[in-house]
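What follows is a set of notes on a single structure, which appears directly below.
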Amino acid sequence: MLRLGGWPKRVGIAAPMALLFLWVSLAWAQGGCTDKPYTLETPQGIAGGGNLDYDGEVAIFSDGACLDTQGLKLTAPELRYDQAAGVLQAQEIEVQTARYHFWAQTGRIEGQILLAEGIRVTTCRCGDDLRVLSQSMRFDTATGEAVLERSELQFHTLGLAQFQELKVTPQSSLLEILGLPSRGSGDSLPLRADFDQGFNVGLQDFPVKTDQKFGIASSLTLVLLNLGSPDPGLGLGMAAEGTDRQGRAYFEVRASGLKSRSLVQDGPILFLHNTEDGHYGFRLRQAWELGGWGLEVYGQIARDENYLYPQMGPQQGLATGSELRYRYAAREGPFGLEFQPFAGIALYDRWPTYLVFGGSLEGRYSGEFSLGLRYDWSTENRPGRFWLERHPATQKISGDLAYLGLTARASGDLLANELVGAVRYGLREPFGELWAQYNFCVGCYGKVTRSDGLEDIERRELQLGFIPNPLSCTDSFSLAPSIGVGYDYGTTQRPGTGWGLTRAGLELRYADCCVVWKVGYQYIFIPQTPDETVAGKFIFGLELR
């Protein structure tokens, strides 16, 4: 139906072009083609423009040509709709959403398949300094999935990574599309720049090539470590993962020596080593599953320095064994129950047989609030010879609670007589979230030696902070301060007892056209965990807008 001016009837609008834009996840906020002088209802949506001409059965829209469907708007210099064939074609297509800017040189919709060429996608609010270029795209409107072929991630004119095939769903974020790992809150790029006893800078798990057609993704790690410290170094790593296989290798060269670790898993083959932990192992295994039962039989050759069990001393040799597991899961409305017992046996050359059994029992309620309780246990006749088959004796009770802005978690180790937990409350305000978190550890004193050489302390720490709303405007900034107050039970470093300042920090965020720049600094006055030291830490990050 052709209408000259006015508002066309919204009847029988089909979905193909709507799904084209759903792959970028967000809807067009305002505007449409219905206010154009000429509008036409098509199976793809409502087409419109300032001018309308006909070439036989082909309707040609120009002068601000656009296509509206389910709240999304496509613009192009010209739209051509073949009324007899039901095919819509356009060139120099452009779509702006709340998060993405999308261009295609040509596009053609026929049936349920959209074919487009010359694709360019960016999350930048202005310009396209960070973008993905693809030669072609095939979109299946029946499944809502798009496939981008022969793509490249670019920053300005610098190519960062290539992708033979990228599969996109309507819910995909840009990081998910590219196979980039998400770090912390927001879509943080895999770049590392921080200062902790030295300056660290480089790429962390940055993808270099992805082929989703064959299910293979590879990434690179290249980091300069602890620059300016007495022990600087270089970290180099490569990783490749497929549907049922993976391979990882990481080397760290420092003034103090060389460290390395690797993992190769392909079907029944498992190889891994870690020089820092003193682990080396090669295992052949076979697994069977039936219902909730799972059985694994293995044979291995391994070496273990046993740093956690110095009384055993270094061990190397052969082992064979099996592990039987059962998983029972039930759910009724908001209630859930899961029970997973297991039992294992390992036979060695010139070493006593290792036996272990244990399991876990977890109950959960997910309704107006969330509550979970879990019990883990394991019993062994003696420590396993190698870490591969070892299940250390365990008796732990843990729980978590979430209700509105309140979250709490706690874990009690019955064997170590230790209770660790945290309670957090966040108050949402129009300008952001005010939060407070109380961390505690009862029964920790003297259990381990901290990184500063002192005995561990009983922890009582209250942290306060503010998280501003995400930046939505270009050239805007926000500040997120945090502070910690803790109870010092008395150490050789701080004699006496009493409350004291444990930590203080500040994070500055600035938004430009493409990314949010994050710069933060935190200083620890009283260490609260075994791996903390009295020192300052600088953090830098980039987050996609």
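The values are calculated or read from the model by the stated rules, or taken from the named source; none is laboratory data. Just so it is clear, the model here is predicted, and its values are computed rather than measured. All Cβ positions, glycine included, derive from the backbone under ideal geometry; neighbour counts span all protein chains shown. Just the protein is used for accessible areas: all its heavy atoms, side chains included, with ligands, DNA and RNA removed. Shrake-Rupley method; radii C 1.70, N 1.55, O 1.52, S 1.80 Å.
What to note about this one:
- Restricting attention to the stretch 34-48, the residues being over 13 Å from residue 88 (Cβ atoms), surrounded by 22 or more Cβ atoms within 10 Å (Cβ to Cβ) and either polar (S, T, N, Q) or modelled with pLDDT of 90 or more (or both) number 1.
So that you can scan it fast, the table gives a plain yes or no per residue for (1) part of a loop (DSSP other than H, G, I, E, B); (2) surrounded by fewer than 17 Cβ atoms within 10 Å (Cβ to Cβ); (3) at pLDDT below 90:
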residue: 218; (1), (2), (3): no, no, yes
residue: 226; (1), (2), (3): no, no, yes
residue: 235; (1), (2), (3): no, no, no
residue: 238; (1), (2), (3): no, yes, no
residue: 243; (1), (2), (3): yes, yes, yes
residue: 249; (1), (2), (3): no, yes, no
residue: 271; (1), (2), (3): no, yes, no
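- Hits in the stretch 273-294 (condition: in contact (Cβ under 8 Å) with a residue 24 or more places away in the chain and open to solvent by 80 Å² or more (accessible area, probe 1.4 Å)): 280, 293
- Residue list for the stretch 251-269, filter: in a loop (DSSP other than H, G, I, E, B) and either farther than 24 Å from residue 298 by Cβ or open to solvent by 70 Å² or more (accessible area, probe 1.4 Å) (or both): 255, 256
- Exactly one residue out of 346, 330 is more than 27 Å from the chain's Cα centre (by Cα), free of Cβ contacts under 8 Å to residues at least 24 places away in the same chain and on the phi < 0 side of the Ramachandran plot, and it is 330.
- Residue list for the stretch 310-351, filter: outside any strand (DSSP E or B) and under 24 Å from residue 273 (Cα atoms): 310, 311, 312, 313, 314, 349, 350
- Of all residues in the stretch 129-188, those that are out of contact with any helix residue (DSSP H, G or I) (no Cβ under 9 Å at 6 or more places or on another chain), charged (D, E, K, R) and at pLDDT 75 or above total 7.
- Any chance residue 151 is among the small types (Gly, Ala, Ser), under 20 Å from residue 219 (Cβ atoms) and open to solvent by less than 30 Å² (accessible area, probe 1.4 Å): yes
- Yes/no for residue 428 being charged (D, E, K, R), modelled with pLDDT under 95 and within 30 Å of residue 317 (Cα to Cα): no
- Some residue of the stretch 442-456 being modelled with pLDDT of 70 or more, within 24 Å of residue 400 (Cβ to Cβ) and hydrophobic (A, V, I, L, M, F, W, C): yes
- Across the stretch 111-121, not a single residue is classified as at pLDDT below 80, open to solvent by less than 30 Å² (accessible area, probe 1.4 Å), touching a Pro at 6+ places or on another chain (Cβ under 9 Å) and not in a strand (DSSP E or B).
- Any hit, the stretch 353-375, residues being closer than 27 Å to residue 303 by Cα, out of contact with any Leu (no Cβ under 9 Å at 6 or more places or on another chain), open to solvent by 40 Å² or more (accessible area, probe 1.4 Å) and not basic (Lys, Arg): yes
- Failed item, numbered, when residue 512 is tested on (1) over 25 Å from the mean Cα position of the chain (by Cα); (2) modelled with pLDDT of 85 or more; (3) surrounded by fewer than 19 Cβ atoms within 10 Å (Cβ to Cβ): (1)
- Count of residues meeting criterion [touching a residue at least 24 places away in the same chain (Cβ under 8 Å) and over 15 Å from residue 224 (Cα atoms)] in the stretch 242-255: 2
- Residue 268 vs. criteria more than 29 Å from the chain's Cα centre (by Cα) and either farther than 24 Å from residue 241 by Cα or free of Cβ contacts under 8 Å to residues at least 40 places away in the same chain (or both): no
- For the stretch 515-545, the set of residues classified as open to solvent by 40 Å² or more (accessible area, probe 1.4 Å), at pLDDT below 85, out of contact with any Asp or Glu (no Cβ under 9 Å at 6 or more places or on another chain) and not charged (D, E, K, R) consists of 525 only.
- Taking the stretch 287-317 as the range and being touching a Leu at 6+ places or on another chain (Cβ under 9 Å) and within 24 Å of residue 261 (Cα to Cα) as the test, the residues that pass are 298, 299, 300, 301, 302, 304.
- Residues in the stretch 397-433 that are of a type in the set (Phe, Trp, Tyr) and closer than 15 Å to residue 371 by Cα: 1 in all.
- Residue in the stretch 193-201 that is assigned to a strand (DSSP E or B), among the acidic types (Asp, Glu) and modelled with pLDDT of 85 or more present: no
- The residue that is least open to solvent (accessible area, probe 1.4 Å), counting only those in the stretch 306-327 that are at pLDDT below 95 and under 33 Å from the mean Cα position of the chain (by Cα), is 306.
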